[in-house]
1. What is the residue count in region 240-267 for residues that are assigned to a helix (DSSP H, G or I) and either in contact (Cβ under 8 Å) with a residue 60 or more places away in the chain or on the phi > 0 side of the Ramachandran plot (or both)?
2. Tell me which residues, restricted to region 160-195, are surrounded by 12 or more Cβ atoms within 10 Å (Cβ to Cβ), part of a loop (DSSP other than H, G, I, E, B) and among the aliphatic types (A, V, I, L, M).
3. Suppose we filter Glu360, Glu384 for residues that are within 30 Å of Ala29 (Cα to Cα), touching a residue at least 24 places away in the same chain (Cβ under 8 Å), out of contact with any strand residue (DSSP E or B) (no Cβ under 7 Å at 6 or more places or on another chain) and not basic (Lys, Arg); which single one remains?
4. Can you go through Gly280, Gly293 and tell me which one is buried (at least 19 other Cβ atoms within 10 Å of the Cβ), small (Gly, Ala, Ser) and modelled with pLDDT of 90 or more?
5. Looking only at region 183-204, which residues are modelled with pLDDT under 85 and under 18 Å from Gln218 (Cβ atoms)?
6. Here are some residues: Leu392, Leu372, Leu344. Which one is modelled with pLDDT under 95, in a helix (DSSP H, G or I) and aliphatic (A, V, I, L, M)?
7. For region 69-109, how many residues meet the condition of being touching a strand residue (DSSP E or B) at 6+ places or on another chain (Cβ under 8 Å) and farther than 27 Å from Asn219 by Cβ?
8. Among the candidates Glu122, Glu127, Glu95, single out the residue that is among the charged types (D, E, K, R), over 29 Å from Ser296 (Cα atoms) and crowded, with 19+ Cβ neighbours inside 10 Å.
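The values are calculated or read from the model by the stated rules, or taken from the named source; none is laboratory data. Bear in mind that the values here come from a model prediction, so they are computed numbers and not experimental data. Neighbour counts run over all protein chains shown; Cβ positions are idealised from the backbone, glycine included.
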Amino acid sequence: MSIQIVNLANAFNIEDLRCIAEWRLPRIAYDFLERGVEDDVTLAANRTVFERIHFKPSTLVDVSSRSRQVTLFGRTFTSPFGIAPTGAAGLYCFEADIALARAAEAAGVPFVLSTASFVALERVAREAGGTQWFQLYMSKDREAARGLVARARDAGYEALVVTTDIPVAGNREYNRRNGFEIPFRLNLGNMIDGALHPHWLVNVFLRTLLDSGVPRFQNVDTNVGGRIVAKNLSEFRARRDALDWSDIAWLREFWPRKLLLKGVLTAEDALLAAQYGADGIFVSNHGGRQLDGAVSPVEVLPEIVAAVGDRLAIMVDSGFRRGSDIVKALALGADMVFVGRAALYGAAAGGEAGVRRALEILASEVDRVMALIGCTDIPSLTPEYLVLPEPLRRAV
């Protein structure tokens with residue numbers, strides 16, 4: 001890596017931040033961040049889909065007063081993107097979940113905390129501020145689910161984001177090769193690799209170890225009625241393959257605020273989400289980390305917008321690295337875009353300051369693209385600004 005981009009000030013795009021992250025992280029942490037599943041087919045497709053969509057700019061438009069603001073669920077955000085839930089974010093900087101949330105607050109965008117965070121959800125809500133939503137890995141054990149959801153409710157999270165595309169864990173073969181597991185354990189190879197990355201070893205791993213013990217998920221030691229119902233995430237995953245729409249109906253009755261379903265890739269499932277009381281959906285393939293060969297969210301976004309765009313708020317994630325990617329998704333009908341890896345690259349590159357830099361980069365790129373295509377505000381973005389490949393053109 002060029003020494004010139006070790007400094008955050010010289011990181012001009014998300015790829016620069018990724019390079020810094022790769023340089024700083026041991027293989028076990030970097031692979032967990034960067035890879036997908038199996039042959040990474042879906043991971044690659046999430047990026048190449050944007051290359052097939054082109055802009056059709058309007059010229060001589062007064063864009064001097066352009067605005068990136070969007071309004072969602074009664075709140076106005078500075079930019080049309082937020083930070084997606086990312087499990088084990090604490091591998092990338094000390095107390096990364098708080099750093100991510102604080103950076104989102106500073107940027108005026110929403111942040112979604114993962115169930116699989118290394119910082120307890122109550123602390124993040126209390127110490128970070130801003131607009132915070134909580135992502136739920138739901139257990140079929142409703143007592144366990146009720147306990148975790150009640151904690152999110154009592155902590156003040158404004159929305160619940162239920163991830164639906166994980167009936168079983170994705171086939172992440174690299175995790176097995178690297179000996180990756182949570183609570184975090186180091187074998188000889190990882191100990192040597194960690195020693196070769198002293199910044200990570202001292203400022204992330206050892207600092208976490210001294211502060212709160214071996215890195216572990218803090219939200220699944222769920223105490224309900226005086227007993228521990230889940231000692232770790234694997235136990236909390238029990239019977240997740242038995243979840244169905246009746247569990248969403250039960251959750252809708254119990255959860256009093258906005259309810260969003262994450263992992264929707266078909267118009268049929270989007271219609272069911274509306275039927276069962278969801279307020280919105282995330283069109284998502286889990287960043288290419290669950291089913292290799294799954295369709296890219298952008299490929300199915302137009303048909304989902306056509307089916308439920310007047311009934312549900314539509315978020316989209318998976319594969320976004322440029323402001324131009326964000327603008328393309330918004331023009332196809334998304335209400336907001338969420339980024340995961342882009343924010344974590346920033347966290348690994350420079351902690352909270354690195355996350356802020358990532359969000360600044362994306363905001364500046366969105367602003368620049370809007371000016372160059374002749375668009376003055378986000379609500380004005382439509383497919384008319386795009387030249388689409390045939391399958392997407394038929395769906396619009």
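1. The initial filter retains those residues of region 240-267 that are assigned to a helix (DSSP H, G or I), namely 240-242, 245-254, 267.
After this cut, where a residue has to be either in contact (Cβ under 8 Å) with a residue 60 or more places away in the chain or on the phi > 0 side of the Ramachandran plot (or both) as well, the list is 240-242, 247-248, 250-251, 254.
The number of residues fulfilling the criteria is 8.
2. Those that are surrounded by 12 or more Cβ atoms within 10 Å (Cβ to Cβ), part of a loop (DSSP other than H, G, I, E, B) and among the aliphatic types (A, V, I, L, M): Ile166, Ala169, Ile182, Leu186.
3. None of the others qualify; the one that does is Glu360.
4. Gly280
5. Pro183, Phe184, Arg185
6. Criteria check complete, one pass: Leu392.
7. Summing the residues that are touching a strand residue (DSSP E or B) at 6+ places or on another chain (Cβ under 8 Å) and farther than 27 Å from Asn219 by Cβ in region 69-109 gives 6.
8. None of the others qualify; the one that does is Glu95.
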